[in-house]
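Novice: I'd like to ask some things about the structure below.
The values are calculated or read from the model by the stated rules, or taken from the named source; none is laboratory data. Model, not experiment: these values are computed from the prediction. Here Cβ is always computed from backbone atoms with ideal geometry, including for glycine, and neighbour counts include all displayed protein chains. Areas reflect the complete protein model, heavy atoms only, side chains present, ligands, DNA and RNA absent. Shrake-Rupley method; radii C 1.70, N 1.55, O 1.52, S 1.80 Å.
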Amino acid sequence: MKKAAQKSFLIVACLGLMTFLIPSYSNAFPSIKLGEETELSFYGFIRNNTGMFLQNPQPFAESGNDLATERTWLRGNVDFKISNQLRFGAVMQFVYEPPYRVEHNAGGSYGTIIDPANKENGKEYSEYRNINDTLREVYLEWKPLRGHSIKIGRQIAIWGEALTTRVGDVIHPEDQRFSLAFANLEDTRIPSWMIRGFDDIPAINSTFEWIVNPNFVQDKYRVNRSAHFVAPGEIGERFSINPETRFDPPYSVRNDLFSLPFPDPLRVVPHPFSRGWAPFGPGGSYVPLEFPDARVVFPKVWDLRAGFKTNTTLGGFNFGFSYFHTQNYDPVVKRGDLTGAVAGPPLPPLPYREYKLVYPNIDIIGAYFNKQLPWPGVVRAEAIYVPNKPFNTFDKAGVFPDPIAPLNNTTDRRDYVKYMVAYDLNSYFYFSWHKTAPFDITFEHVGEWIPKNKDLQYIGYSNELKKWNPSFNMRISTNWLYNLISTELVVGYMPWGNSGLLMPAVKYTPPVLNKKLSIELKYINVFGKNNFQGLGILRTKDMVVLTTQFDW
Amino acid sequence: MTKNMKKILALFIVSCLSSWFLFTSSSFGQVLPKPGEIIDKSNYKDYKHLFSEDFGGWFENGWGLVKPLSIKVSETKPNPIPKAYLAFSEKNRGKYTIDKDGFIAGGYDYLGLPFPGVTKDDKDFATKLMWNYEYRYWFDNSEENTYVNDIRKGERTTWWEGRAYWYHFFNRLYVDPKPIVRTPSNLYKALRFVYVEPTGMKNLMFLNWRYLDVKKSDDIYLYLPTLRRVLRGEAGQRSAPIQGSTNSLDEFNVWDGRVPEFTYEFVGEQKVLGISDNKWTEADVKARLGKAGLFFIPTEGWEIKDVYVIDIKSKDSKYPQGKKRIYVDKENGTSIYFTTGWDRAGKVWKIFNADYIKYPLPDGDRSNCMGGYTCVDVQFGLISTAFIYRKLNPKGYAYGDFLPATLLRLAR
């Protein structure tokens, strides 16, 4: 009954939306003037991403076909200027994605699932049932005094200078489940409830921005949502990272003697879960002494997030500082106590141990600037410093077998720095053979620095995090025939794992319907020398994606 | 007097008169239309001396993109600089000069026209005229609705709409504080522009700062709603087209080149037909947006105007336009009725014509502000027509509304 009601609601909502859209398809949906200061406008888009994997079969997944994505979005914006002092805004979104054959049976049986809501018969990527998905933004903006404004509600706040990745952009977690580089950060950010203030100080060319962000969203929306980790014996989700498959004891181990607990005895168990395994027999195999009972401990509502950012323009520099107290948006795994429960058939009667996936508090201190150089080009730079950032560690205290190993020895805190330096050369390359637009080029160098990186684990792999991990990204773009066709090429390279990304795209925006329709074809290639280092953790997921969007 | 002497005297008088007729005006002896007369395909060649070079394509075949132009000539009306600004500028008369690099020498304080009353006999006339154009008076502040139609060969007409907010920090005559608003960055003026339509460009904004120090490039900040980021634009590159548009920053308002970056040559004087008070209303324009087959240049109100013809060349040898010729109203030095731009190979590239609107000022005078322009990219086959409707000198502007961080605060 509940399902029927939900389905009926969805149909009625779509019909209602079509009533709005159909009359407006060829002309602008004009703003409605309700008074001298009052104006109401509606706008949005319908978008479809259709993508095909180019490598078939997909490793670590079933594949009856190559479909990588078939995501349809409907987004609507309301912008209501009530008066010069008061404004209301809202963004609603509905998304549908079908079940994917390549993920059939993903969800696993090993119990390391991070998101227990996965695999709801293909509904996990669709967004129409949960208010946290459908009501992306809703806020009131109030300007009590000139130069001061407060925005209250669910919204998106962007900090930072980097374009190819997130450095100073620390306010929001991301939903990384449904996309690999074909949706931009605007689409993957998870909006937050917050009170956000802006205070201008014109006498010193400055603005002060502050944010207070209680965790009012449902728990799983308070942190990054990642594609389900592939665990031994299970199918991965489309955009999950490649699993650890190397036998590298004691960090990643396997049992190749018995058919239990895994149907596939060649699958490895990564660290830290490998801590509950011990060597067995002369052949180097390992067997479990316990099973993990993984529990997610999300940040609580009262785990307040708050911070501020300054912006000043002086001497040609535009610069500022920031501070934000939040939680780590990716979990670290804490090894806990035995739970007292024992596994039943068909598993061997071994005890369960609690492993908690936690999101500890962190403080992020940032600085940034941009400046026009005395020669052509703009330089941008930013850096964040996270003192005592939590990491998973290979700390070997309590090596196997050690049922009384000290607790919480799978995580540690270390100082962490991430920085970006970029050079933009826009409009400089303008040629007589291409008069309708210049070529724009951007170079970004991003680096991560962990001064004391010993024994820190890279995600779930048997790799130590590097002390310094640089990447180099470049984007070149232009448009043709006065923006009838636009082209861009994004190239990223990370020396670690000799890995990177190549992403050419071409977009066609025909003049029909006043350019409301656009069609983009994008090829995404992720390369690396192996599956465990750098961006190689996402290699083998080459795809081509066609994005069609209709703006209204 | 002998018969021969009489003949010689008669020949001398005739030759003097002929020489005077030939050299006093390039239009003298050429036909001028009367008020009420229609100029169209059937007769434009008789009056081609009243338009910029190559403008004839509008009448001949509408450049193959629109229906051929047909215009109605009106009575010529005066079009002076606002009296208050002329009076304000009088203190500068004869005070400043031009140095070897084309800058104003003598300690110009950025208030008033730097060279009021400059005449064509001045050796630096063209450069001084352009400095007067740079420091012209249009308004203290302005809020503008801009509508642009784009017509390209074989395709549907598209259009976009935007809103502009100008804040002049110097030469303020009517809105307090006047005449100066001191800013920490020593700005001369600032422009904030936001795209309203189509949806794909909605809420895209840019902020342009122009400094008092003419040796400093403008600073430009761009807000991209798809990224929700403010990006720093490339200040020095003003010759490349703004996204999808025929215009570069130097062609904003038909001509907005930074004076010291170019050289100027006085070519001569002539008469042209231009619109100094366009009567098309905002409603007239909105009814035309996106429609094919309609006129996009105002067809009425074309007056005979006396203009100076100035050639402009960039000091940068890589500047994409080899030469630009502008036709500036002699009476006010601020209304540019036509421009023609040639590429580096000497081929005609872009042809602009502009019309103006007389906005009332609080003291009863009128300010002549650009009402719109049309640009033909002859080589590509695209026409852009823009219409600008302003609310002149609104109150309530603040410097804080024109900071780079303002773009994030206003962002949607």
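Novice: Taking amide H atoms as placed 1.01 Å from N in the peptide plane, list the residues 5 or more away in sequence, or in a different chain, whose amide H sits under 5 Å from that of B:Lys323.
Specialist: Residues meeting the amide H criterion: B:Trp342.
Novice: Among B:Glu155, B:Glu269, B:Glu197, whose mean-square fluctuation peaks in a Gaussian network model of chain B (Cα, cutoff 10 Å)?
Specialist: Maximum fluctuation in the GNM of chain B, among the listed residues, is at B:Glu155.
Novice: How about region A:478-517: which of its residues lose at least 50 Å² of accessible area in the presence of all protein chains relative to their chain isolated, using a 1.4 Å probe?
Specialist: Buried by 50 Å² or more upon assembly, which counts only protein chains, are A:Tyr482, A:Pro511, A:Asn514, A:Lys515.
Novice: Nothing charged except the Cβ atoms of Lys and Arg (+1) and of Asp and Glu (-1): what's the magnitude of the dipole of chain A about its Cα centre? Round to the nearest 20 debye. Write down the numbers at each step before the final one.
Specialist: Details: 58 positive and 54 negative charges, 68 e Å.
The calculation lands at about 320 debye.
Novice: Another one. Roughly to the nearest percent, how much of the accessible area of chain A is carbon and sulfur, given a 1.4 Å probe?
Specialist: Working: 15100 of 23410 Å².
Roughly 65 percent, rounded to a whole number.
Novice: Along the Cα-to-Cβ line of B:Ile242, 7 Å from the Cα, sits a label point; which residues in region B:349-364 have backbone N less than 14 Å from it?
Specialist: Within reach of a label on B:Ile242: no residues.
Novice: Which sequence of A:Glu103, B:Glu300 reflects their accessible areas, 1.4 Å probe, from the largest down?
Specialist: Most to least solvent-accessible, the answer reads B:Glu300, A:Glu103.
Novice: To the nearest 0.05, what FRET efficiency results for B:Asp109 and B:Asp343 with a Förster distance of 35 Å applied to their C-beta separation?
Specialist: Details: r = 39 Å, r/R0 = 1.11.
According to the calculation, E is roughly 0.35.
Novice: Further question: Between chains B and A, what is the buried accessible area in Å², counting both sides, with a 1.4 Å probe and ligands, DNA and RNA left out, to the nearest 100? Each step should come with its number before you reach the end.
Specialist: On the way: alone 19110 and 25980 Å², together 39840 Å².
Approximately 5200 Å² gets buried when B meets A.
Novice: Also: What residues qualify as long-range amide H neighbours of A:Ile362, i.e. H under 5 Å apart, gap of 5 or more or another chain, H built at 1.01 Å from N?
Specialist: Amide H to amide H, under 5 Å and 5 or more residues apart or across chains, A:Ile362 pairs with A:Thr326, A:Gln327, A:Asn328.
Novice: So the label point goes 7 Å from the Cα of B:Glu53 along Cα→C-beta, right? Which residues of region B:366-397 then have their backbone N under 17 Å from it?
Specialist: Those under the cut-off are B:376-379.
Novice: What accessible area per residue comes out for the protein assembly as shown, rounded to a whole number of Å², with a 1.4 Å probe?
Specialist: 41
Novice: Which net charge results when you count Lys and Arg as +1 and Asp and Glu as -1 among the other residues whose beta-carbon is under 9 Å from that of A:Asn318? Show your work: numbers first, answer last.
Specialist: On the way: positive: A:Lys371, B:Arg232; negative: B:Asp219.
Result for the local shell: +1.
Novice: Roughly how many percent of the accessible protein surface of region B:77-165 is carbon and sulfur, given a 1.4 Å probe and a whole-percent answer?
Specialist: Details: 1920 of 3680 Å².
Ligands and nucleic acids excluded, carbon and sulfur reach 52 percent.
Novice: Moving on to the next point. A:Ile519 versus B:Asp124, label points 7 Å from Cα toward the beta carbon: distance in nm?
Specialist: 5.8
Novice: For A:Phe527, what is the net charge nearby, where nearby means another residue's Cβ is under 15 Å from its Cβ and Lys, Arg count +1, Asp, Glu -1? Walk me through the numbers on the way to the answer.
Specialist: On the way: positive: A:Lys529, A:Arg539, A:Lys541; negative: A:Asp542.
Combined, the nearby Lys, Arg, Asp and Glu give +2.
Novice: List, in order, the whole-Hz ³J(HN,Hα) value for each residue of region A:328-336 obtained from phi through the Karplus relation with A = 6.51, B = -1.76, C = 1.60 and θ = phi - 60°; use x for Gly and Pro.
Specialist: 4, 7, 10, x, 10, 9, 9, 7, x
Novice: Related question: To the nearest 10 degrees, how steep is helix A:2-21 against the longest Cα principal axis of chain A, on a 0 to 90 scale?
Specialist: The helix A:2-21 is inclined about 30 degrees to chain A.
Novice: Could you go through region A:514-529 in sequence order and give the Karplus-derived ³J(HN,Hα) for each residue, using 6.51 cos²θ - 1.76 cosθ + 1.60 with θ = phi - 60°, rounded to whole Hz, and x for Gly and Pro?
Specialist: After applying 6.51 cos²θ - 1.76 cosθ + 1.60, I find 6, 6, 6, 9, 9, 9, 10, 10, 10, 10, 10, 10, 10, 10, x, 7 Hz.
Novice: Please turn the phi angles of region B:210-224 into ³J(HN,Hα) values with the Karplus equation 6.51 cos²θ - 1.76 cosθ + 1.60 (θ = phi - 60°), one per residue in order, whole Hz, x for glycine and proline.
Specialist: In residue order, the calculated couplings are 10, 8, 4, 6, 6, 7, 8, 5, 4, 9, 10, 10, 10, 9, 9 Hz.
Novice: Label region B:208-284 by shape, choosing from rounded, prolate and oblate, from the square roots a ≥ b ≥ c of the eigenvalues of the Cα gyration tensor; if a/c is under 1.5 it is rounded, and otherwise prolate applies when a/b is larger than b/c, oblate when it is not. Don't jump to the answer; show the numbers that get you there.
Specialist: On the way: a/c = 2.55, a/b = 1.30, b/c = 1.96.
Because a/c hits 1.5 or more and a/b fails to exceed b/c, region B:208-284 counts as oblate.
Novice: May I pose another question? Once you've got the GNM for chain B with C-alpha springs shorter than 10 Å, pick whichever of B:Gly106, B:Gly371, B:Gly64 has the biggest mean-square fluctuation.
Specialist: B:Gly106
Novice: Given R₀ = 45 Å, what would the calculated FRET efficiency be for A:Asn105 paired with A:Phe317, taking r from the Cβ atoms and rounding to 0.05?
Specialist: Values: r = 55 Å, r/R0 = 1.23.
In this case the efficiency is close to 0.25.
Novice: Let me have the 222 nm mean residue ellipticity of chain B computed from DSSP H runs of 4+ only, each contributing -39500 (n - 2.57), with the sum over all residues rounded to the nearest 500.
Specialist: On the way: 6 runs with 55 residues, N = 412.
Value at 222 nm, helices only: -4000 deg cm²/dmol.
Novice: Name the residues whose placed amide hydrogens come within less than 5 Å of the amide hydrogen of A:Asn388, ignoring near sequence neighbours (fewer than 5 apart) on the same chain.
Specialist: Excluding prolines and chain starts, which carry no amide H, the hits are A:Arg414, A:Asp415, A:Tyr416.
Novice: Shifting gears a bit: Between B:Asn171, B:Asn253, B:Asn43, find the one with the highest GNM mean-square fluctuation for chain B; connect C-alpha pairs within less than 10 Å.
Specialist: B:Asn43
Novice: By how many degrees, between 0 and 90 and to the nearest 10, does the Cα long axis of helix B:125-134 differ from the longest principal axis of chain B?
Specialist: 30
Novice: How many partner chain Cβ atoms sit within 10 Å of a residue's Cβ in peptide A:436-445, on average, as a whole number? Don't jump to the answer; show the numbers that get you there.
Specialist: Working: counts 9, 6, 7, 1, 3, 0, 1, 0, 0, 0.
Other-chain Cβ atoms within 10 Å of each residue's Cβ, averaged: 3.
Novice: Here's a follow-up. Take A:Asn409 and A:His148, extend 7 Å from each Cα along the Cα→Cβ direction, and tell me the distance between the two endpoints in nm.
Specialist: 5.5
Novice: For a protection proxy built on the mean count of beta-carbon atoms within 10 angstrom, sort A:172-182, A:31-41, A:69-79, A:126-136 highest first, please. Don't skip to the end; give the middle numbers.
Specialist: On the way: A:172-182: 21.1, A:31-41: 13.0, A:69-79: 19.2, A:126-136: 16.7.
Taking the mean over residues of other Cβ atoms within 10 Å, the ranking is A:172-182, A:69-79, A:126-136, A:31-41.
Novice: For each pair in B:Lys216/B:Lys313; B:Lys48/B:Lys350; B:Lys67/B:Lys324; B:Lys189/B:Lys391; A:Lys371/A:Lys467, compute the distance between the two Cα atoms and list the pairs where it is over 22 Å. Don't skip to the answer; put the middle values down first.
Specialist: Details: B:Lys216/B:Lys313 20 Å; B:Lys48/B:Lys350 18 Å; B:Lys67/B:Lys324 27 Å; B:Lys189/B:Lys391 17 Å; A:Lys371/A:Lys467 29 Å.
Flagged as over cut-off: B:Lys67/B:Lys324; A:Lys371/A:Lys467.
Novice: What whole number of Å gives the distance from the Cα centroid of region A:521-552 to the Cα centroid of region A:413-464?
Specialist: Each part reduced to its Cα centre gives a spacing of 18 Å.
Novice: Moving on to the next point. Using the beta-carbon distance between A:Phe258 and A:Gln218 and R0 = 41 Å, what value does 1/(1 + (r/R0)^6) give for FRET efficiency, to the nearest 0.05?
Specialist: Values: r = 41 Å, r/R0 = 0.99.
The value I calculate is 0.50.
Novice: Under a point-charge model restricted to the Cβ atoms of Lys and Arg (+1) and Asp and Glu (-1), what is the dipole moment magnitude of the protein assembly as shown relative to its Cα centre, in debye to the nearest 20? Spell out each step's value before the answer.
Specialist: Details: 118 positive and 103 negative charges, 240 e Å.
Approximately 1160 debye in magnitude.
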